[in-house]
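What follows draws every value from the coordinates through simple rules; no lab data is involved. Source: prediction; values computed, not measured. Cβ placement follows ideal geometry from the backbone for every residue including glycine, while neighbour counts extend to all protein chains displayed.
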Amino acid sequence: ADSPWSVEDILTEDDEQDRVPLQKLKLLGESEELRGLLLNPHLRQLLLTVDQAEDKSSLMKKYMREPLFVEFADCCLRIVEPPEKENILPE
């Protein structure tokens, strides 16, 4: 009863497939490419706006049409879900 909340407290079984392991989240902090993107003040403002928004879902839909935000999202996805090696053509 006195223990702090955990991720399991807020995730339902349906959300589990969207869960990113902590190890992979730590890779985001180690990415030079992502750090470079986060130096952009416009991107930082977009992220703050999403974080503070009441209706995050509709705002995310809007921002997914913003090239800078898409570049950020794609960078994050490449880090936590790298492309399969079998799909990469040999040099």
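Here are the numbers:
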| item | result |
| --- | --- |
| Neighbour net charge for Lys62 - beta-carbon separation under 13 angstrom, K R +1, D E -1 | +1 |
| Spin-label pair Leu47/Leu59, simplified geometry with 7 Å Cα→Cβ offset, distance in nm | 1.4 nm |
| In nm, spacing of pseudo-spin labels at Gln23 and Glu81 (7 Å Cα→C-beta vector) | 1.8 nm |
